[in-house]
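Notes for the one structure printed next.
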Amino acid sequence: MDKFIFTKQIKAAAKNELCDLVIKNITIVDVFQNDSFISDVAIKDGYIVGIGNYEGKNNVEGSGKYICPGLIDAHAHIESSLTTPDEYYKAALKHGITSIITDPHEIANVLGINGIELMMNLSENLPLDFYFMLSSCVPATDFESSGARLKSEDLLPFYKNDKVLGLAEIMNAPAVFNCDEDMINKIWDAKDKGLVIDGHGAGFDETMINTYATANIITDHECHNGQEVIERLRRGMYVLIREGTVAKNLKELIKVASIKNSRRICFCTDDKHIDDLIKNGSVDNSIKMAIKHGLKPETAIQMCTLNTSECYKLKHKGAIAPGFIADFIILDNLEDFKINSVYKNGKLVVSENKLLCDIDKKNVKQYIKNSIILPKLDENSLFISLKDKNILNAIKIIPNKLESKHLKISISDLKDKEKFVADLEKDLIKIAVIERHNGTSNIGLGVINGLNIKEGAIGTTIAHDSHNIILAGCNDEDMIFAANKLKDIGGGIIVVKNKKVLASIQLEIGGLVTRRDCKEIITDLNSLHKAVNEIAPNINFNPFLTLSFLSLPVIPELKITDKGLFDVTKFQFIEAASK
């Protein structure tokens, strides 16, 4: 903003110049005092300049309606939607999202700094503000193989971008506790610039939380019960309550939220498929859920507006007040959070669920290449020996959670005591992670319980966070077939049975995202879900995202990478079968 526009805004506020837009007689959600009141809201050059009796070039009657700030998603990985920012915004705006804090570590793990640059480039000049936290852990740990490795010096140039707010979720906790030099450099660079540092405190005890807080890590989105929320709030941290496609924590955590502690709580989605976003919403759905669980509507709205803006030092965002950017939502109903229209910088961008702006997509051909290098796979590639072993170590899935359990099964109870074969009665099937970036031929093998697949296999190149190929299936032939087909299409998600593709989606950029529009993506996703129902008729959760998080070795208890089965609680590899 230049001084001329600034002066005009002051004149408009003083009623010495006509406002551009005035919303008349509308009920204003006051996020400062957790209350509502009726007044006019005056806008000039994209900013709110007054609350009171105003006239504008354009007056909109707001009687019987409500106005609240545009919503801010406190933490999201856009790549998890399977779209790029210039497609994502079309769905997000309809749900009142006008700003989003994003961490591009998914694409960074595949394409390195080129991936970060791509996401930044594709987020420019859109009617939704994309802010970036720089990926702190690429790879997440040294217990997996990623397509890139980012050091502190690789991140420094990005801090010149005014859309960069700080350092993204620090998942490599041992690197912090042990004061690893490069990790300390990353933290110090952000701290020295007065920027925000995000945490990832899954399974942390008090000492670990204290250490993160001492390191100036001020947020955590990995709370799984109310006591964990309280422990972080007591230490001055912000808790980001997550409600994504797989990780659904709000119902449990909202129980401890109240007007007393609400100012340190925000809402986020973290990882959300585009079909889930379109159908069920974003943090607007979190607001609805919080209200249903007894939270005052103004307080729930505060949690993804003012709180988030203050947490991430977004000046002039998050409230309906003079001097704040005119990002706002008109609601037909407050209790149900029914969106009538959305304004960005004082301009109407959504009306009655119709997008009124459409930006041409940029050319990104240079990023579209087959990023999959596979070893030759045969009958021995996925062999798990049980000979002379007593215990089968299996990953037990917890539906709609990122956590898993370590299941120990007596091999004497299995049908085959020499090698592992799927046991559908016990819901035990094979899982494999195949390194796809550098041609190492690494294959991590294990067994999972709880996926409910009865035949065939599923596979994807989305395997958090290093994004190797991850497969689960009832037989080796279908798993190998799925891996090779994923290579043929350049990455994506696939469902196979009897060495036949039932459904797939191509994700041509890094095996993570596609440039196609939402309608095509949803068509493919619907086909995938239909195909899954054919091979897993009793499944009641998203199996693709569930599978993709089983390779993340920073969330307890048992996970798997391309280097093998990993005990997160002990931070060490274990054998699939042991004595």
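The values are calculated or read from the model by the stated rules, or taken from the named source; none is laboratory data. Not measured: the values here are computed from a predicted model. Please note: Cβ atoms are built from the backbone with ideal geometry, for glycine as well, and neighbour counts cover all protein chains shown.
Considering every residue within the range 222-239, establish whether at least one is closer than 18 Å to residue 77 by Cβ, of a type in the set (S, T, N, Q) and in the same structural domain as residue 166 (by TED's automatic domain parsing).
no
Here are the criteria: (1) exposed (fewer than 15 other Cβ atoms within 10 Å of the Cβ); (2) in contact with a strand residue (DSSP E or B) (Cβ under 6 Å, 6 or more places away or on another chain). Tell me which single one residue 417 does not satisfy.
In the conditions (1) exposed (fewer than 15 other Cβ atoms within 10 Å of the Cβ); (2) in contact with a strand residue (DSSP E or B) (Cβ under 6 Å, 6 or more places away or on another chain), residue 417 misses (2) alone.
Among the listed residues 493, 509, 539, 522, which satisfies the condition of being in contact (Cβ under 8 Å) with a residue 40 or more places away in the chain, aliphatic (A, V, I, L, M) and in contact with a Leu (Cβ under 7 Å, 6 or more places away or on another chain)?
Working: 509 fails: in contact with a Leu (Cβ under 7 Å, 6 or more places away or on another chain); 539 fails: in contact with a Leu (Cβ under 7 Å, 6 or more places away or on another chain); 522 fails: in contact with a Leu (Cβ under 7 Å, 6 or more places away or on another chain).
Step by step, each of 493, 509, 539, 522 is checked, and only 493 is in contact (Cβ under 8 Å) with a residue 40 or more places away in the chain, aliphatic (A, V, I, L, M) and in contact with a Leu (Cβ under 7 Å, 6 or more places away or on another chain).
For the subset of the range 200-218 comprising residues that are in contact with a helix residue (DSSP H, G or I) (Cβ under 8 Å, 6 or more places away or on another chain) and not in a helix (DSSP H, G or I), which member is nearest to residue 569 (Cα to Cα)?
Selected residue: 204.
Within the range 558-572, track down each residue that is over 15 Å from residue 432 (Cα atoms) and either surrounded by fewer than 18 Cβ atoms within 10 Å (Cβ to Cβ) or modelled with pLDDT of 95 or more (or both). Before you say what the answer is, go through the steps one by one.
Filtering the range 558-572 down to residues over 15 Å from residue 432 (Cα atoms) leaves 567-572.
Listed by number, the residues that qualify are 567, 569, 570, 571, 572.
Being polar (S, T, N, Q) and either in the same structural domain as residue 171 (by TED's automatic domain parsing) or surrounded by 18 or more Cβ atoms within 10 Å (Cβ to Cβ) (or both), is that true of even one residue in the range 430-448? Talk me through it step by step, then tell me what you get.
Let us first name the residues in the range 430-448 that are polar (S, T, N, Q), namely 438, 440-442.
Filter again for either in the same structural domain as residue 171 (by TED's automatic domain parsing) or surrounded by 18 or more Cβ atoms within 10 Å (Cβ to Cβ) (or both), leaving 442.
Within the range 430-448, one or more residues are polar (S, T, N, Q) and either in the same structural domain as residue 171 (by TED's automatic domain parsing) or surrounded by 18 or more Cβ atoms within 10 Å (Cβ to Cβ) (or both).
Taking only pairs six or more apart or across chains, which ones have beta-carbon atoms under 7 Å, a first residue in the range 467-478 that is assigned by TED's automatic domain parsing to the domain that holds residue 449, and a second residue that is crowded, with 24+ Cβ neighbours inside 10 Å and of a type in the set (Lys, Arg)?
Pairs that qualify, where the first residue is assigned by TED's automatic domain parsing to the domain that holds residue 449 and the partner is crowded, with 24+ Cβ neighbours inside 10 Å and of a type in the set (Lys, Arg), are 468/436; 469/436.
Within the range 230-246, which residues are of a type outside the set (Ser, Thr, Tyr) and closer than 13 Å to residue 267 by Cα?
Going residue by residue through the range 230-246, those that are of a type outside the set (Ser, Thr, Tyr) are 230-237, 239-244, 246.
Selection gives 239, 240, 241, 242, 243, 244.
Just to be sure I understand the filter: pairs with C-beta atoms under 6 Å, separated by 6 or more residues or on different chains, first member in the range 38-50 and among the hydrophobic types (A, V, I, L, M, F, W, C), second member surrounded by fewer than 22 Cβ atoms within 10 Å (Cβ to Cβ) and not in a strand (DSSP E or B). Which pairs pass?
From the range 38-50, the pairs are 43/346; 48/322; 48/324; 49/13; 49/322.
Only one of these conditions is not met by residue 300: (1) buried (at least 23 other Cβ atoms within 10 Å of the Cβ); (2) over 26 Å from residue 230 (Cβ atoms); (3) among the hydrophobic types (A, V, I, L, M, F, W, C). Which number is it?
(2)
Just the residues that are among the aliphatic types (A, V, I, L, M), touching a Ser or Thr at 6+ places or on another chain (Cβ under 9 Å) and not in a loop (DSSP other than H, G, I, E, B), please, taken from the range 292-317. Give the derivation first.
First, the residues of the range 292-317 that are among the aliphatic types (A, V, I, L, M): 295, 300-301, 303, 306, 314.
From what is left, the residues that are touching a Ser or Thr at 6+ places or on another chain (Cβ under 9 Å) are 295, 300, 303, 314.
Within the range 292-317, 300 is the sole residue that qualifies.
Tell me, yes or no, whether the range 513-527 has at least one residue that is of a type in the set (A, V, I, L, M, F, W, C) and either in contact with a Gly (Cβ under 8 Å, 6 or more places away or on another chain) or assigned to a loop (DSSP other than H, G, I, E, B) (or both). Lay out the reasoning, then the answer.
Pass one, the range 513-527, residues of a type in the set (A, V, I, L, M, F, W, C): 513, 518, 521-522, 525.
Okay, now just the ones that are also either in contact with a Gly (Cβ under 8 Å, 6 or more places away or on another chain) or assigned to a loop (DSSP other than H, G, I, E, B) (or both), so none.
Checked against the condition, which is being of a type in the set (A, V, I, L, M, F, W, C) and either in contact with a Gly (Cβ under 8 Å, 6 or more places away or on another chain) or assigned to a loop (DSSP other than H, G, I, E, B) (or both), the range 513-527 yields no hits at all.
Residue 140 fails exactly one of the following numbered conditions: (1) in contact with a Pro (Cβ under 9 Å, 6 or more places away or on another chain); (2) surrounded by fewer than 20 Cβ atoms within 10 Å (Cβ to Cβ). What is the number of that condition?
(2)
Within the bounds of the range 387-405, is there any residue that is modelled with pLDDT under 95, under 26 Å from residue 503 (Cβ atoms), surrounded by 24 or more Cβ atoms within 10 Å (Cβ to Cβ) and under 24 Å from the mean Cα position of the chain (by Cα)?
Checked against the condition, which is being modelled with pLDDT under 95, under 26 Å from residue 503 (Cβ atoms), surrounded by 24 or more Cβ atoms within 10 Å (Cβ to Cβ) and under 24 Å from the mean Cα position of the chain (by Cα), the range 387-405 yields at least one hit.
Only residues that are surrounded by fewer than 24 Cβ atoms within 10 Å (Cβ to Cβ) and farther than 21 Å from residue 464 by Cβ: list them for the range 240-256, please.
The answer is 251, 252, 253, 255, 256.
Could you look through the range 340-353, keep only residues that are crowded, with 23+ Cβ neighbours inside 10 Å and hydrophobic (A, V, I, L, M, F, W, C), and pick out the one that is farthest from residue 71 (Cα to Cα)? Show your work before the answer.
In the first step, residues of the range 340-353 are kept if they are crowded, with 23+ Cβ neighbours inside 10 Å; the result is 342-344, 350.
Now drop any that are not hydrophobic (A, V, I, L, M, F, W, C), which leaves 342, 350.
Values: 342: 10, 350: 14 Å.
Residue satisfying both the conditions and the ranking: 350.
Here is a list of conditions, (1) at pLDDT 95 or above; (2) out of contact with any Ser or Thr (no Cβ under 8 Å at 6 or more places or on another chain), and residue 537 meets all of them except one; can you say which number that is?
Looking at each condition in turn, residue 537 falls short on (1).
Could you check the range 318-404 for strands (runs of 3 or more DSSP E) lying wholly inside it with 2 or more residues that are in the same structural domain as residue 414 (by TED's automatic domain parsing) and not small (Gly, Ala, Ser)? Outline the logic, then answer.
Details: elements: 328-333, 338-344, 347-351, 391-397.
Result: 391-397.
Filter the range 344-397 down to residues that are small (Gly, Ala, Ser), in contact with a Gly (Cβ under 6 Å, 6 or more places away or on another chain) and closer than 30 Å to residue 58 by Cβ, then give me how many there are.
So the count comes out to 1.
Which one of these does residue 495 not meet: (1) closer than 29 Å to residue 578 by Cβ; (2) crowded, with 24+ Cβ neighbours inside 10 Å; (3) of a type outside the set (Lys, Arg)?
With respect to (1) closer than 29 Å to residue 578 by Cβ; (2) crowded, with 24+ Cβ neighbours inside 10 Å; (3) of a type outside the set (Lys, Arg), residue 495 is out only on (1).
Return the residues of the range 257-270 that are part of a loop (DSSP other than H, G, I, E, B), in contact (Cβ under 8 Å) with a residue 60 or more places away in the chain and surrounded by fewer than 24 Cβ atoms within 10 Å (Cβ to Cβ); say none if nothing qualifies.
Step one: of the range 257-270, the residues part of a loop (DSSP other than H, G, I, E, B) are 257-261, 269.
Those left that are additionally in contact (Cβ under 8 Å) with a residue 60 or more places away in the chain: 259, 269.
259 - this is the single residue of the range 257-270 that is part of a loop (DSSP other than H, G, I, E, B), in contact (Cβ under 8 Å) with a residue 60 or more places away in the chain and surrounded by fewer than 24 Cβ atoms within 10 Å (Cβ to Cβ).
Does residue 517 satisfy being under 22 Å from residue 401 (Cβ atoms), surrounded by fewer than 18 Cβ atoms within 10 Å (Cβ to Cβ) and outside the structural domain of residue 201 (by TED's automatic domain parsing)? Steps first, answer last, please.
Working: under 22 Å from residue 401 (Cβ atoms): no; surrounded by fewer than 18 Cβ atoms within 10 Å (Cβ to Cβ): yes; outside the structural domain of residue 201 (by TED's automatic domain parsing): yes.
Spelling it out, it is not the case that residue 517 is under 22 Å from residue 401 (Cβ atoms), surrounded by fewer than 18 Cβ atoms within 10 Å (Cβ to Cβ) and outside the structural domain of residue 201 (by TED's automatic domain parsing).
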